[in-house]
1. Could you identify the single residue in Val210, Val202 that is without any contact (Cβ under 8 Å) to a residue 40 or more places away in the chain, touching a Gly at 6+ places or on another chain (Cβ under 9 Å), within 24 Å of Ala313 (Cβ to Cβ) and not in a helix (DSSP H, G or I)?
2. State the number of residues belonging to region 48-75 that are exposed (fewer than 11 other Cβ atoms within 10 Å of the Cβ) and modelled with pLDDT of 90 or more.
3. Does Ile43 count as in contact with a His (Cβ under 9 Å, 6 or more places away or on another chain), open to solvent by less than 40 Å² (accessible area, probe 1.4 Å) and part of a strand (DSSP E or B)?
4. Take Leu282 and decide whether it is open to solvent by less than 40 Å² (accessible area, probe 1.4 Å), modelled with pLDDT under 80 and more than 17 Å from Leu222 (Cβ to Cβ).
5. Cβ-Cβ distance below 6 Å, separation of 6 or more or different chains: which pairs start in region 66-91 with a residue that is on the phi > 0 side of the Ramachandran plot and end on one that is at pLDDT 90 or above and surrounded by 13 or more Cβ atoms within 10 Å (Cβ to Cβ)?
6. Give region 301-348 a look and list any residue that's aliphatic (A, V, I, L, M) and either in a loop (DSSP other than H, G, I, E, B) or at pLDDT 80 or above (or both), or say none.
7. Restricting to region 189-213, name every residue that is farther than 23 Å from Pro145 by Cβ, in contact with a strand residue (DSSP E or B) (Cβ under 6 Å, 6 or more places away or on another chain) and open to solvent by less than 50 Å² (accessible area, probe 1.4 Å).
Amino acid sequence: MTLLRIGARHETFEGKGLYFDGETPAAQKATLTIDEAAGALAIALPGADAPRLWPLKEIRQVRDQAGRDMMVLRLRRMATERLVLTAWEDQRILLARAPELTRRPPVEGKGRLAVWGTGAVAAVAAMIFLLIPFLADRLAGLLPPAGKRALGETVLEDVRVAFNQTGIDPLPLCEAPAGLAALEAMGARLFPEPVAEAELTVHVLDHEMVNAFALPGGIVVLMRGLIEAAESPDEVAAVYAHEVGHVVARDPSRIALRTVGSTGVLGLLLGDFAGGAAVLFLTNRLITADYTQAAEAAADAFASEALARADVAPGALATFFERLLEEYGDTSGVVQHFLSHPALVDRIDAAREAGEDGTFSPVLSAEDWAALQSICEETDGGA
């Protein structure tokens, strides 16, 4: 009788390996064959009544092994057993016979992982956008004034370093004596009585940016560029009073607490986000503070009332920003900050209406105004 075989005949396989059952650390020497009828790898172990059968289609190679001289195998599902092949010839035959050997195993429990992942993202979002702002609003009034002052002074120093193009010395403070006297006279005219929990301190930085911002602890910062862009001392006074409005409402402290809380949460998730990076981020947030529309409207109202009480035209606030909007567009310092809120036109109208009635006089004399405009002609050298 003559037997004919159709197709290629598989070569005989008998190999050796180390088998780990996943329950004990000890390895068992295994004899390996291929059961052609079952289409499985037969793993014969000492003392076992029958070999363990691993379907060839279910065998997967464990990836990312440190040693290149061995092959670690597992079953497709999340089994704990492992089979280690050290002989190159055995590895070659298994690569040819196990069709899915190099295919990545499927991820088990995708739905559950998706639910947990979605829940984690939602929890982080709730902390950053709901819980941290809520706590920041409550804690802003509980922080001791000394702590706020220390934070504000630290941020001010960081601002001075960040804005200095040399990157070595802090940006100079403008301290021409006559200019400082004029700035003090402006503050005394606007706020003859204390209005904040901490004593107000106003600085002028020798920088061309048209900007002003408030820091925790009663610190208000005006840029030289803002004074140069103003056409009257009343316009500077209007911005001054607006920033004091933020100080009184503790808006800078809220932003600082929110930023610190958010960076802390992100640091836990993404790695270390503390130290210099967090301080720089906080500094940037306070300089470009994007307060809510309600906070901006409240600061506007505070400024208008302060100007009116000092017999200074409240409409100066509207005049200044309206003119800057026409001259510089929507990308310049304070103007960009104000344009972040859709009710800019309404706020300008409100400020203008507040100044329609009454008899007003300039906040500074012509001599003092000239001194304020020259406040940066003599600086402290940056120390």
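1. Details: Val210 fails: without any contact (Cβ under 8 Å) to a residue 40 or more places away in the chain.
Unique residue meeting the criteria: Val202.
2. So the first thing to find is which residues in region 48-75 are exposed (fewer than 11 other Cβ atoms within 10 Å of the Cβ), and the list is 49-50, 63-64, 66-69.
Pick out the ones that are also modelled with pLDDT of 90 or more and you get 49-50.
Going through region 48-75 one residue at a time, the tally reaches 2.
3. no
4. Considered against the rule, which asks whether it is open to solvent by less than 40 Å² (accessible area, probe 1.4 Å), modelled with pLDDT under 80 and more than 17 Å from Leu222 (Cβ to Cβ), Leu282 comes out as yes.
5. none
6. If the condition is that a residue be aliphatic (A, V, I, L, M) and either in a loop (DSSP other than H, G, I, E, B) or at pLDDT 80 or above (or both), then Ala301, Ala303, Ala306, Leu307, Ala308, Ala310, Val312, Ala313, Ala316, Leu317, Ala318, Ala343 are the ones that fit.
7. Val204, Leu205, Asp206, His207, Asn211
The values are calculated or read from the model by the stated rules, or taken from the named source; none is laboratory data. Quick caveat, the model's predicted, so the values are computed rather than measured. Using ideal geometry, Cβ is built from the backbone for each residue, glycine included, and neighbour counts are taken over all protein chains shown. For accessibility, only protein heavy atoms count, side chains too; no ligands or nucleic acids. Shrake-Rupley method; radii C 1.70, N 1.55, O 1.52, S 1.80 Å.
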